[in-house]
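Q: First, the structure itself, so that you have it in front of you.
The values are calculated or read from the model by the stated rules, or taken from the named source; none is laboratory data. This is a predicted model, so every value here is computed, not measured. Neighbour counts run over all protein chains shown; Cβ positions are idealised from the backbone, glycine included.
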Amino acid sequence: MDLFHDSPLLTGVRQMLGGFAQHQIRPIAIQHDQEESMPWELMRTAQKLGLSQTAVLDGRKKLTGVAEDPDPTKPKSQGRLAVIGSEELAFGCAGICLALGGSGLAASPVARMGTEEQKAEFKRLLAGDDEKGHIKVAAMALSEPATGSDISGLTTTATRDGEHWIIRGSKQWITNGQSAAVYVVWAQTEPAAGRAGVRGFLVARGTPGLVPGRKETKLGIRASETAQVHFEDVRVHKDMMLGSPAVPGEASGGLADTKKMLDSTRPVVAAQGVGIARAAYEFLLDRVRGGSLHGTPMASHQHIMFELADMQMEITAARLLTHRAAWLADHHQENVAEASMAKAYAAKVAQAVTTRAMVLLGEEALAPGHPVDKWYRDAKIYDIFEGTGQIQRRILSRQLTGMNPT
Amino acid sequence: MDFALDDDQQMIVDTIRRFADRDLRGWAADADRAGAPPDRLAHVAGELGFFTDAVPADAGGQLEAAYSHATRALRGFELGRGCPGLAALLETNVEPALAVGRWGSPAAKASLFASLTAGGLAALAHDSRGTLSVDADGAGGARLTGPLGPLPALAIASHVLLAKDGVLYLLDLAGVARIAVAPSSWRAARWATAELTAHAVAADHVVSRDPAAVAEVLAWARASLAARAAGVATAAMEHAERYAAERVQFGQPIGRFESLIRLRDDALTGAAAARLMALHAAWALDTHHPSAHDAASRARVLAGDVVTRATIDAVQIFGGYGFVNDYPVEKLMRDARPFEALHGDERLGRVLAQKAVI
């Protein structure tokens, strides 16, 4: 199993996005963290590299110039491209990485479950600039104030009214929640059906009753916007329900598909954790090379070098787990456990490496705007969003025995 | 061996706990956002005896007998439970006042105590990375050049007690430009940096040239930091426990999930151990026990680990709500950092010190 080198495409993407991260993202990362602002100009620049807000729908062609082999039995490279690219972008800044890719969270279910008409509508709604002159972004509205890890407990409802659905409820922790031009909102259509009744809907900005809420002040990933969104009797045409039953043979579009989609995004999120850890590790390594401590080379101290050696081991292990999960997906093999392992371990490594880097740097890292302080704050979310560390271990436990431990 | 508090200690703990629960916790979020303490802090805390408790009574302060580090550790734990950023301001005068009171010249005492008794603040700095350079002035004093900070209280301090290469200097900051900065930790603590350029320290402001005095001062600070860190860890889990009892996921309060019980229990075990080590170190300092400096250093190592782990895990228990500033644990995770970072990497210091004698 060659995880990394079976395609020069992967090396090329790593080099291209690595350079983008180093030269375009890093110089503005601290500013956007301190201002809690989206990097709108960079997002526009990134589109020229193929990092469009609809990249998930466009497939790999926009990024690489090469289309996937249409033969569904042949291995794909989408999964590995995504993890390689995400590590590089998060190495630059996790918040900016999420700003660049936040629309992908919404595009994923559209790509997976949407009809061709829905995909076209999604892309139409994201075309051009918004009223502030920014490129348009999309939001995936799944989590709710009372529903974080337990997504089966959604209370947002969609009630049929003739040719329309009426959506009512509030969403929490929504990436691009204030600025989105289109929302993919998840609501319960048949309470008696439980999870099977949860469906996704495309809702355009400006639809009466759609009220973007308060923007959150966060510990980290502050270049990515997070906000509440309220749906106050929002009327949506029935054709905007993802995976409409009117399309025979299409995916159901229900919560089960959403969970499969989360399985596919976990390696990508894990790769971002690897990118943060690598950023802190390389910062330290750079400091140690040529640095001195009370007149002796820093590199001569086991206290420092063994920490770096541990970091190198942990980052490498996290990256291998991440690439394995992506490789399995690219080769049409189930990767539920592998994706959870990668997500949980990469989150742990990101937190551990950034924490130890803070300690080794001492007072220096307390300075405002210090990158390691930022990476330390950014890392925490990787153990929380897209399924907490506890949820990943719950998935793994269920795989081991079939039971859900409590 | 008696672990019970005497009546005076219990009264202090009860009083400071009320102050921490009612005032410090009430002020913490706004002070964090504002990057400054509330105006009322000086008045309320002053009435409770902060700021001048280490200034001798004959100089206008409140210290009439030997200073009790044990009492300070007890109070520090409670302050940490309240707000670590505000606590840093409340504790900042202790090391400078005690050091100058014990080893300082009459001129140093006059300068520092006049300021502190008039409501001024002083800060402790430790040049652990050797970024400051010292030139002798030929008259027993020195000229200091290089960066100072970032340090809590430096933005408004009248003096800094600087520990450097076995010497304690009292810096009068009149005329020294400070750049106020807002780190992500202890944001209310009026941090600043300063660039010293041949800053003159007169001979009578060189507080001590005895490395043992420097070690003693840093041990006071370490014991105090350890006690406050234990308080922060405890507070984080107090918040998490309340939240976990109310938050329902998968049909039950998340506080019933065994993995979260373990996070909380391990953190509280660590916090209890860190508190005891801080109190032991303080007792050793009060009794001039030979192990005092080592005990304070070890207490800080443990407390630093504990407060980091506990605050990260408290955010984890809160989940998405922990990552936003609606609840206090987001701030506490940021506030955990200085406990390990201030005055340098404690573990590294221990390793180098032991390596030197082997």
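Q: Kindly establish whether residue B:221 is within 14 Å of chain A (Cβ to nearest Cβ), under 23 Å from residue B:288 (Cα atoms), surrounded by fewer than 23 Cβ atoms within 10 Å (Cβ to Cβ) and aliphatic (A, V, I, L, M).
A: The answer is yes for residue B:221.
For (1) away from chain A (no Cβ under 13 Å); (2) over 21 Å from residue B:108 (Cβ atoms), each residue gets a yes or a no:
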residue	(1), (2)
B:154	no, no
B:173	yes, no
B:184	no, yes
B:189	no, yes
B:195	yes, yes
B:199	yes, no
B:202	yes, no
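Q: A further question on this structure: Do we find a residue being of a type outside the set (Asp, Glu), over 30 Å from residue A:75 (Cβ atoms), assigned by TED's automatic domain parsing to the domain that holds residue A:270 and in a helix (DSSP H, G or I) anywhere in region A:324-332?
A: Checked region A:324-332: no residue is of a type outside the set (Asp, Glu), over 30 Å from residue A:75 (Cβ atoms), assigned by TED's automatic domain parsing to the domain that holds residue A:270 and in a helix (DSSP H, G or I).
Q: Is it the case that residue B:330 is crowded, with 20+ Cβ neighbours inside 10 Å, touching a strand residue (DSSP E or B) at 6+ places or on another chain (Cβ under 9 Å) and either in a helix (DSSP H, G or I) or within 13 Å of chain A (Cβ to nearest Cβ) (or both)?
A: yes
Q: Given (1) touching a His at 6+ places or on another chain (Cβ under 9 Å); (2) surrounded by fewer than 23 Cβ atoms within 10 Å (Cβ to Cβ), where does residue A:84 come up short, assuming only one miss?
A: The single condition residue A:84 does not satisfy is (2).
Q: Would you confirm whether or not region A:144-155 contains a residue that is out of contact with any helix residue (DSSP H, G or I) (no Cβ under 6 Å at 6 or more places or on another chain), more than 14 Å from chain B (Cβ to nearest Cβ) and not basic (Lys, Arg)?
A: No, because not a single residue in region A:144-155 is out of contact with any helix residue (DSSP H, G or I) (no Cβ under 6 Å at 6 or more places or on another chain), more than 14 Å from chain B (Cβ to nearest Cβ) and not basic (Lys, Arg).
Q: When region B:244-260 is examined, which residues are found to be crowded, with 19+ Cβ neighbours inside 10 Å and aliphatic (A, V, I, L, M)?
A: Those that are crowded, with 19+ Cβ neighbours inside 10 Å and aliphatic (A, V, I, L, M): B:244, B:254, B:260.
Q: Condition test on residue A:300, is it within 14 Å of another protein chain (Cβ to nearest Cβ) and among the polar types (S, T, N, Q)?
A: Considered against the rule, which asks whether it is within 14 Å of another protein chain (Cβ to nearest Cβ) and among the polar types (S, T, N, Q), residue A:300 comes out as yes.
Q: When you scan region B:53-70, how many residues do you find that are surrounded by 13 or more Cβ atoms within 10 Å (Cβ to Cβ) and either out of contact with any strand residue (DSSP E or B) (no Cβ under 8 Å at 6 or more places or on another chain) or assigned to a helix (DSSP H, G or I) (or both)?
A: Residues that pass the stated criteria total 8.
Yes/no matrix, rows are residues, columns are (1) over 19 Å from the mean Cα position of the chain (by Cα); (2) of a type in the set (S, T, N, Q):
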| position | (1), (2) |
| --- | --- |
| B:15 | yes, yes |
| B:31 | no, no |
| B:45 | no, no |
| B:58 | yes, no |
| B:84 | no, no |
| B:90 | no, no |
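Q: Name the residue, out of A:223, A:181, A:227, that is within 14 Å of chain B (Cβ to nearest Cβ), modelled with pLDDT of 95 or more and surrounded by 16 or more Cβ atoms within 10 Å (Cβ to Cβ).
A: It is A:227.
Q: Here's a follow-up. Is there a residue in region A:181-203 that is in a loop (DSSP other than H, G, I, E, B) and touching a Pro at 6+ places or on another chain (Cβ under 9 Å)?
A: no
Q: Follow-up question, since we're still on this one. Among the residues of region A:107-127, is there at least one that is outside any strand (DSSP E or B), closer than 30 Å to residue B:317 by Cβ, touching a helix residue (DSSP H, G or I) at 6+ places or on another chain (Cβ under 7 Å) and assigned by TED's automatic domain parsing to the domain that holds residue A:47?
A: For region A:107-127, residues outside any strand (DSSP E or B), closer than 30 Å to residue B:317 by Cβ, touching a helix residue (DSSP H, G or I) at 6+ places or on another chain (Cβ under 7 Å) and assigned by TED's automatic domain parsing to the domain that holds residue A:47: present.
Q: Does residue B:304 fit the bill of being within 11 Å of another protein chain (Cβ to nearest Cβ), surrounded by 24 or more Cβ atoms within 10 Å (Cβ to Cβ) and not aliphatic (A, V, I, L, M)?
A: Spelling it out, residue B:304 is indeed within 11 Å of another protein chain (Cβ to nearest Cβ), surrounded by 24 or more Cβ atoms within 10 Å (Cβ to Cβ) and not aliphatic (A, V, I, L, M).
To keep it simple, each residue is scored yes or no on (1) at pLDDT below 95; (2) within 11 Å of chain A (Cβ to nearest Cβ); (3) surrounded by fewer than 24 Cβ atoms within 10 Å (Cβ to Cβ).
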residue	(1), (2), (3)
B:268	no, no, yes
B:272	no, no, yes
B:310	no, no, no
B:348	yes, yes, yes
B:355	yes, yes, yes
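Q: For residue A:211, which of the numbered conditions (1) buried (at least 17 other Cβ atoms within 10 Å of the Cβ); (2) more than 14 Å from chain B (Cβ to nearest Cβ); (3) in a strand (DSSP E or B); (4) of a type outside the set (Lys, Arg) fails to hold?
A: Every condition holds for residue A:211 apart from (1).
Q: Filter region B:334-345 down to the residues that are at the interface with another protein chain (Cβ under 8 Å from one of its Cβ atoms) and either over 16 Å from the mean Cα position of the chain (by Cα) or not in a helix (DSSP H, G or I) (or both) and list them by number.
A: Hits for region B:334-345 are B:342, B:343, B:344, B:345.
Q: Also: Any idea which of (1) within 29 Å of residue A:386 (Cβ to Cβ); (2) more than 14 Å from chain B (Cβ to nearest Cβ); (3) not in a helix (DSSP H, G or I) is the one residue A:314 doesn't satisfy?
A: The one condition residue A:314 does not meet is (3).
Q: For residue A:173, are the conditions met, namely being touching a residue at least 40 places away in the same chain (Cβ under 8 Å), away from chain B (no Cβ under 14 Å) and touching a strand residue (DSSP E or B) at 6+ places or on another chain (Cβ under 6 Å)?
A: So residue A:173 does not fit the description; no.
Q: Restricting to region A:320-370, name every residue that is more than 22 Å from residue A:385 (Cβ to Cβ), β-branched (Val, Ile, Thr) and at pLDDT 95 or above.
A: none
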